[in-house]
Amino acid sequence: MKTTKDFYTMKQNQEKITMMTAYDYPSAKQVEAAGIDMILVGDSLGMTVLGYESTVQVTLDDMIHHSKAARRGAPNTFIVSDLPIGTVGVSIEHDVKNALKLYQATNCNAVKAEGGHLTDFIAACKNIGIPVVAHLGLTPQSVGIMGYAVQGKTKDAAEKLIEDSIAVMKAGAIALVLEAVPSDLAKVITEKLSIPVIGIGAGIDTDGQVLVYHDVLKYAVDRKPKFVKVFGDFSTGVDALKQYHQEVKSKQFPTEEYMYKVKVMGEIND
Ligand code: KIV
(Lines give C-alpha, C1' and ligand atoms only; values in the text may rest on other atoms or scores of the structure.)
Protein backbone atom coordinates (compact mmCIF):
# COMPACT_ATOMS: atom_id res chain seq x y z
CA MET A 1 0.00 0.00 0.00
CA LYS A 2 1.27 3.48 -0.84
CA THR A 3 1.78 5.82 2.09
CA THR A 4 1.61 9.57 2.68
CA LYS A 5 5.39 9.63 2.23
CA ASP A 6 5.06 7.96 -1.18
CA PHE A 7 2.59 10.66 -2.27
CA TYR A 8 5.06 13.38 -1.23
CA THR A 9 7.79 11.63 -3.22
CA MET A 10 5.46 11.36 -6.23
CA LYS A 11 4.84 15.11 -6.03
CA GLN A 12 8.56 15.82 -5.82
CA ASN A 13 9.24 13.49 -8.79
CA GLN A 14 6.32 14.98 -10.73
CA GLU A 15 4.67 11.57 -10.98
CA LYS A 16 0.92 12.08 -11.18
CA ILE A 17 -1.22 10.66 -8.39
CA THR A 18 -4.48 8.90 -9.29
CA MET A 19 -7.46 8.88 -6.98
CA MET A 20 -10.92 7.46 -7.67
CA THR A 21 -14.01 7.27 -5.51
CA ALA A 22 -15.31 3.88 -4.44
CA TYR A 23 -18.10 3.31 -1.98
CA ASP A 24 -18.49 -0.43 -1.58
CA TYR A 25 -16.79 -3.81 -1.89
CA PRO A 26 -17.07 -4.33 -5.68
CA SER A 27 -16.12 -0.79 -6.73
CA ALA A 28 -13.16 -0.71 -4.33
CA LYS A 29 -12.07 -4.11 -5.57
CA GLN A 30 -12.10 -2.84 -9.16
CA VAL A 31 -10.27 0.37 -8.31
CA GLU A 32 -7.56 -1.60 -6.50
CA ALA A 33 -7.30 -4.06 -9.40
CA ALA A 34 -6.78 -1.10 -11.74
CA GLY A 35 -3.75 -0.06 -9.68
CA ILE A 36 -5.15 3.37 -8.79
CA ASP A 37 -3.04 5.04 -6.11
CA MET A 38 -5.76 6.18 -3.69
CA ILE A 39 -9.45 5.57 -3.03
CA LEU A 40 -11.79 8.28 -1.85
CA VAL A 41 -14.90 7.08 -0.07
CA GLY A 42 -16.54 10.39 -0.86
CA ASP A 43 -19.82 11.64 0.51
CA SER A 44 -20.79 11.88 -3.17
CA LEU A 45 -22.11 8.40 -2.36
CA GLY A 46 -25.18 10.32 -1.24
CA MET A 47 -26.00 10.89 -4.90
CA THR A 48 -24.32 7.96 -6.66
CA VAL A 49 -25.31 5.15 -4.31
CA LEU A 50 -28.08 6.41 -2.02
CA GLY A 51 -30.03 8.44 -4.59
CA TYR A 52 -30.06 11.75 -2.70
CA GLU A 53 -29.98 15.06 -4.55
CA SER A 54 -26.79 16.22 -2.84
CA THR A 55 -24.31 15.21 -0.15
CA VAL A 56 -26.11 17.05 2.62
CA GLN A 57 -28.20 14.09 3.78
CA VAL A 58 -25.19 11.82 4.24
CA THR A 59 -24.46 10.84 7.86
CA LEU A 60 -21.36 9.68 9.68
CA ASP A 61 -22.93 6.23 10.00
CA ASP A 62 -23.39 6.11 6.20
CA MET A 63 -19.71 6.96 5.76
CA ILE A 64 -18.64 4.32 8.26
CA HIS A 65 -20.81 1.65 6.65
CA HIS A 66 -19.51 2.34 3.13
CA SER A 67 -15.88 2.92 4.14
CA LYS A 68 -15.77 -0.45 5.88
CA ALA A 69 -17.07 -2.16 2.74
CA ALA A 70 -14.55 -0.30 0.58
CA ARG A 71 -11.72 -1.38 2.90
CA ARG A 72 -12.81 -5.02 2.52
CA GLY A 73 -12.70 -4.60 -1.26
CA ALA A 74 -9.35 -2.80 -1.30
CA PRO A 75 -7.21 -4.04 1.57
CA ASN A 76 -4.02 -2.77 -0.10
CA THR A 77 -5.00 0.73 -1.21
CA PHE A 78 -4.68 4.03 0.68
CA ILE A 79 -8.25 5.01 1.54
CA VAL A 80 -9.44 8.52 2.35
CA SER A 81 -12.87 8.72 3.93
CA ASP A 82 -15.08 11.81 3.91
CA LEU A 83 -16.36 13.54 7.02
CA PRO A 84 -19.94 14.48 6.05
CA ILE A 85 -21.73 17.74 6.74
CA GLY A 86 -22.12 18.68 10.39
CA THR A 87 -19.47 16.29 11.64
CA VAL A 88 -16.82 19.05 11.64
CA GLY A 89 -16.89 22.82 12.08
CA VAL A 90 -18.79 22.76 15.38
CA SER A 91 -16.12 22.62 18.13
CA ILE A 92 -12.71 20.99 18.30
CA GLU A 93 -13.88 18.38 20.79
CA HIS A 94 -16.94 17.49 18.69
CA ASP A 95 -15.00 17.47 15.42
CA VAL A 96 -12.05 15.40 16.62
CA LYS A 97 -14.41 12.87 18.21
CA ASN A 98 -16.10 12.37 14.83
CA ALA A 99 -12.81 12.16 12.94
CA LEU A 100 -11.50 9.59 15.40
CA LYS A 101 -14.71 7.56 15.13
CA LEU A 102 -14.46 7.43 11.31
CA TYR A 103 -10.72 6.73 11.36
CA GLN A 104 -10.91 3.95 13.95
CA ALA A 105 -14.12 2.27 12.82
CA THR A 106 -13.17 1.97 9.16
CA ASN A 107 -9.41 1.46 9.16
CA CYS A 108 -9.13 4.18 6.52
CA ASN A 109 -5.77 5.90 6.06
CA ALA A 110 -6.97 9.51 6.25
CA VAL A 111 -10.14 11.51 6.67
CA LYS A 112 -11.19 14.39 4.40
CA ALA A 113 -12.86 17.61 5.51
CA GLU A 114 -14.28 20.48 3.44
CA GLY A 115 -13.48 24.14 4.04
CA GLY A 116 -10.72 26.60 4.83
CA HIS A 117 -12.03 27.29 8.33
CA LEU A 118 -10.83 23.97 9.73
CA THR A 119 -7.18 24.73 10.46
CA ASP A 120 -7.52 24.19 14.24
CA PHE A 121 -9.32 20.92 13.63
CA ILE A 122 -6.61 19.76 11.20
CA ALA A 123 -3.90 20.65 13.73
CA ALA A 124 -5.75 18.86 16.54
CA CYS A 125 -6.11 15.74 14.41
CA LYS A 126 -2.44 15.85 13.51
CA ASN A 127 -1.57 16.05 17.21
CA ILE A 128 -3.36 12.80 17.94
CA GLY A 129 -2.20 11.08 14.76
CA ILE A 130 -5.17 11.36 12.39
CA PRO A 131 -4.10 12.29 8.84
CA VAL A 132 -6.43 14.85 7.27
CA VAL A 133 -6.91 15.66 3.58
CA ALA A 134 -8.31 19.17 3.15
CA HIS A 135 -10.89 19.99 0.45
CA LEU A 136 -11.11 23.52 -0.99
CA GLY A 137 -12.59 25.28 -4.00
CA LEU A 138 -16.07 23.99 -4.69
CA THR A 139 -17.09 22.24 -1.49
CA PRO A 140 -20.30 20.32 -2.25
CA GLN A 141 -21.50 20.26 1.37
CA SER A 142 -21.98 24.04 1.05
CA VAL A 143 -24.19 23.69 -2.05
CA GLY A 144 -26.95 25.57 -0.22
CA ILE A 145 -24.65 28.57 0.05
CA MET A 146 -22.30 28.48 -2.94
CA GLY A 147 -24.17 26.22 -5.38
CA TYR A 148 -21.99 24.16 -7.72
CA ALA A 149 -20.22 27.19 -9.18
CA VAL A 150 -16.56 27.33 -10.22
CA GLN A 151 -14.57 28.98 -7.41
CA GLY A 152 -11.67 31.47 -7.39
CA LYS A 153 -12.78 33.39 -10.46
CA THR A 154 -12.10 36.90 -9.13
CA LYS A 155 -8.76 38.28 -7.91
CA ASP A 156 -10.02 38.41 -4.32
CA ALA A 157 -11.48 34.93 -4.44
CA ALA A 158 -8.28 33.54 -5.98
CA GLU A 159 -6.15 35.19 -3.31
CA LYS A 160 -8.41 33.82 -0.57
CA LEU A 161 -8.13 30.32 -2.03
CA ILE A 162 -4.33 30.57 -2.12
CA GLU A 163 -4.34 31.83 1.47
CA ASP A 164 -6.63 29.00 2.64
CA SER A 165 -4.54 26.39 0.81
CA ILE A 166 -1.38 27.54 2.56
CA ALA A 167 -3.21 27.67 5.90
CA VAL A 168 -4.50 24.08 5.71
CA MET A 169 -1.04 22.89 4.71
CA LYS A 170 0.57 24.75 7.62
CA ALA A 171 -2.05 23.30 9.96
CA GLY A 172 -0.89 19.82 8.98
CA ALA A 173 -3.10 18.57 6.13
CA ILE A 174 -1.38 15.70 4.31
CA ALA A 175 -2.91 16.60 0.94
CA LEU A 176 -5.42 18.97 -0.62
CA VAL A 177 -8.35 18.16 -2.88
CA LEU A 178 -9.02 21.19 -5.06
CA GLU A 179 -12.38 21.19 -6.83
CA ALA A 180 -13.70 23.30 -9.72
CA VAL A 181 -11.18 26.13 -9.90
CA PRO A 182 -9.58 27.71 -12.97
CA SER A 183 -6.56 25.74 -14.18
CA ASP A 184 -4.09 28.63 -13.86
CA LEU A 185 -5.06 29.20 -10.23
CA ALA A 186 -4.76 25.47 -9.50
CA LYS A 187 -1.26 25.57 -11.00
CA VAL A 188 -0.22 28.44 -8.72
CA ILE A 189 -1.60 26.64 -5.64
CA THR A 190 0.10 23.37 -6.61
CA GLU A 191 3.43 25.12 -6.99
CA LYS A 192 3.08 26.96 -3.68
CA LEU A 193 2.22 23.85 -1.66
CA SER A 194 4.66 21.17 -0.52
CA ILE A 195 1.77 18.70 0.02
CA PRO A 196 0.14 16.91 -2.94
CA VAL A 197 -2.75 18.74 -4.60
CA ILE A 198 -5.33 16.41 -6.12
CA GLY A 199 -7.54 18.22 -8.60
CA ILE A 200 -11.08 17.64 -9.83
CA GLY A 201 -12.07 20.15 -12.46
CA ALA A 202 -8.82 21.97 -11.71
CA GLY A 203 -6.81 21.36 -14.88
CA ILE A 204 -3.72 19.37 -15.74
CA ASP A 205 -1.11 20.95 -13.47
CA THR A 206 -2.22 19.60 -10.10
CA ASP A 207 -0.18 16.73 -8.63
CA GLY A 208 -2.98 14.28 -9.25
CA GLN A 209 -6.58 13.82 -10.34
CA VAL A 210 -9.69 12.47 -8.67
CA LEU A 211 -12.97 11.58 -10.35
CA VAL A 212 -16.19 9.89 -9.31
CA TYR A 213 -16.40 6.17 -10.19
CA HIS A 214 -20.01 6.37 -11.36
CA ASP A 215 -19.24 9.37 -13.63
CA VAL A 216 -16.19 7.72 -15.18
CA LEU A 217 -18.06 4.50 -15.88
CA LYS A 218 -21.41 6.04 -16.88
CA TYR A 219 -23.04 4.02 -14.14
CA ALA A 220 -26.62 5.16 -13.53
CA VAL A 221 -25.74 8.87 -13.56
CA ASP A 222 -27.92 11.46 -15.24
CA ARG A 223 -25.53 14.41 -15.27
CA LYS A 224 -22.00 14.90 -16.58
CA PRO A 225 -20.02 17.83 -15.21
CA LYS A 226 -17.66 19.52 -17.72
CA PHE A 227 -14.56 18.03 -16.08
CA VAL A 228 -15.71 14.40 -16.31
CA LYS A 229 -14.27 12.15 -18.97
CA VAL A 230 -16.26 8.95 -19.43
CA PHE A 231 -13.81 6.02 -19.71
CA GLY A 232 -16.27 3.11 -19.65
CA ASP A 233 -19.96 2.34 -20.10
CA PHE A 234 -21.73 0.46 -17.33
CA SER A 235 -25.04 1.71 -18.72
CA THR A 236 -24.95 -1.32 -21.02
CA GLY A 237 -25.89 -3.29 -17.89
CA VAL A 238 -29.47 -2.18 -18.53
CA ASP A 239 -29.41 -3.98 -21.91
CA ALA A 240 -28.17 -7.14 -20.19
CA LEU A 241 -30.96 -6.88 -17.61
CA LYS A 242 -33.56 -6.35 -20.37
CA GLN A 243 -32.29 -9.48 -22.10
CA TYR A 244 -32.54 -11.47 -18.86
CA HIS A 245 -36.09 -10.22 -18.38
CA GLN A 246 -37.02 -11.13 -21.94
CA GLU A 247 -35.37 -14.59 -21.85
CA VAL A 248 -37.17 -15.57 -18.63
CA LYS A 249 -40.49 -14.36 -20.03
CA SER A 250 -39.96 -16.26 -23.29
CA LYS A 251 -38.69 -19.39 -21.48
CA GLN A 252 -35.29 -19.21 -23.21
CA PHE A 253 -33.55 -19.11 -19.83
CA PRO A 254 -32.49 -21.29 -18.12
CA THR A 255 -31.28 -23.76 -20.73
CA GLU A 256 -29.82 -27.16 -19.71
CA GLU A 257 -26.39 -25.60 -19.32
CA TYR A 258 -27.67 -23.74 -16.26
CA MET A 259 -29.53 -26.64 -14.63
CA TYR A 260 -28.63 -29.29 -12.08
CA LYS A 261 -29.61 -32.62 -13.59
CA VAL A 262 -30.62 -35.70 -11.62
CA LYS A 263 -28.83 -38.62 -13.31
CA VAL A 264 -29.80 -41.39 -10.93
CA MET A 265 -32.27 -41.06 -8.09
CA GLY A 266 -30.48 -39.23 -5.25
CA GLU A 267 -27.34 -38.44 -7.24
CA ILE A 268 -26.92 -34.85 -8.28
CA ASN A 269 -24.55 -33.85 -11.05
CA ASP A 270 -23.32 -30.32 -10.71
O1 KIV B 1 -17.34 13.19 -2.29
C2 KIV B 1 -16.59 13.19 -3.26
O3 KIV B 1 -16.65 12.32 -4.13
C4 KIV B 1 -15.60 14.25 -3.36
C5 KIV B 1 -14.94 14.41 -4.67
C6 KIV B 1 -15.84 15.12 -5.59
C7 KIV B 1 -13.61 15.06 -4.55
O8 KIV B 1 -15.39 14.95 -2.42
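The values are calculated or read from the model by the stated rules, or taken from the named source; none is laboratory data. From a predicted model like this one, the values you see are computed outputs, not experimental measurements. Please note: Cβ atoms are built from the backbone with ideal geometry, for glycine as well, and neighbour counts cover all protein chains shown. The area values use the complete protein model at the heavy-atom level, side chains included, leaving out ligands, DNA and RNA. Shrake-Rupley method; radii C 1.70, N 1.55, O 1.52, S 1.80 Å.
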statement: Simple spin-label estimate for Lys155/Ile92, 7 Å along Cα→Cβ, in nm, reads 3.7 nm
message: Considering the Cα positions of the chain, please state its Rg to one decimal place and its Dmax as a whole number of Å.
response: 21.5, 83
- request: Hey, could you get me the Stokes-Einstein D for segment 1-151, Kirkwood radius over alpha-carbon pairs, 37 °C and 0.692 mPa s, rounded to whole µm² s⁻¹?
  value: 210 µm²/s
- request: Please work out the average accessible area per residue across the chain, using the 1.4 Å probe convention, and give it in Å².
  value: 54 Å²
message: Between Met1 and Tyr148, what is 0.36 nm times their sequence separation minus the Cα-Cα distance? Round to one decimal in nm.
response: 49.6 nm
message: Just to verify a number: FRET efficiency for Glu163 and Thr236, C-beta to C-beta distance, R0 = 41 Å, to 0.05?
response: 0.35
message: Pairwise over distinct Cα atoms, reciprocal of the mean inverse distance: report the Kirkwood radius of segment 1-61 in Å, one decimal place.
response: 13.1 Å
Of every Cα-Cα pair in segment 103-142, the percent that sits beyond 15 Å: 43 percent
statement: The base-10 log of I(q)/I(0) that the Debye equation returns for segment 180-233 at q = 0.13, 0.19, 0.21, 0.29 Å⁻¹, one scatterer per C-alpha, is -0.36, -0.65, -0.73, -1.05
- line: FRET efficiency for Lys226 and Glu256 from the Cβ-Cβ distance with R0 = 51 Å, rounded to 0.05, comes out at 0.50
- prompt: Build a GNM of the chain with springs between Cα atoms under 10 Å: which of Leu40, Leu241, Leu161 gets the top mean-square fluctuation?
  reply: Leu241
message: If R₀ is 30 angstrom, what is the calculated FRET efficiency for the pair Ile204 and Val56, using the beta carbon separation as r and rounding to 0.05?
response: 0.45
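Kirkwood hydrodynamic radius of segment 15-99 from all distinct Cα pairs, in Å? Could the numbers behind the result be given before it?
On the way: mean 1/r = 0.0757 Å⁻¹.
Hydrodynamic radius (Kirkwood, Cα only) of segment 15-99 equals 13.2 Å.
Please grab the % of Cα pairs in segment 123-182 that end up more than 20 Å from each other.
The proportion of pairs with Cα distances above 20 Å equals 31 percent.
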query: Can you count the Lys pairs in segment 124-195 whose Cα atoms are under 16 Å apart, with each pair 8 or more apart or on different chains?
result: 7
- line: The percentage of the accessible area of segment 25-96 (probe 1.4 Å, all protein chains present) made up of carbon and sulfur atoms, to the nearest whole number, is 53 percent
query: Taking the simple approach of a point 7 Å from Cα along Cα-to-Cβ for both Gln14 and Ala123, what is their distance in nm?
result: 3.5 nm
- line: Per 5 angstrom bin, beginning at 0 and ending with the bin that holds the maximum distance, the Cα pairs of segment 123-270 fall in percents of 2, 8, 13, 14, 12, 10, 7, 5, 4, 4, 6, 5, 5, 2, 1, 1, 0
message: Helix check for the chain. Which DSSP H runs span at least 15 Å along their own axis by Cα, with a mean Kyte-Doolittle hydropathy no less than -0.5?
response: 92-106, 155-171
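Ignoring ligands, DNA and RNA, what percent of the 1.4 Å accessible area of segment 136-223 is carbon and sulfur?
In segment 136-223, the share of accessible area belonging to carbon and sulfur is 57 percent.
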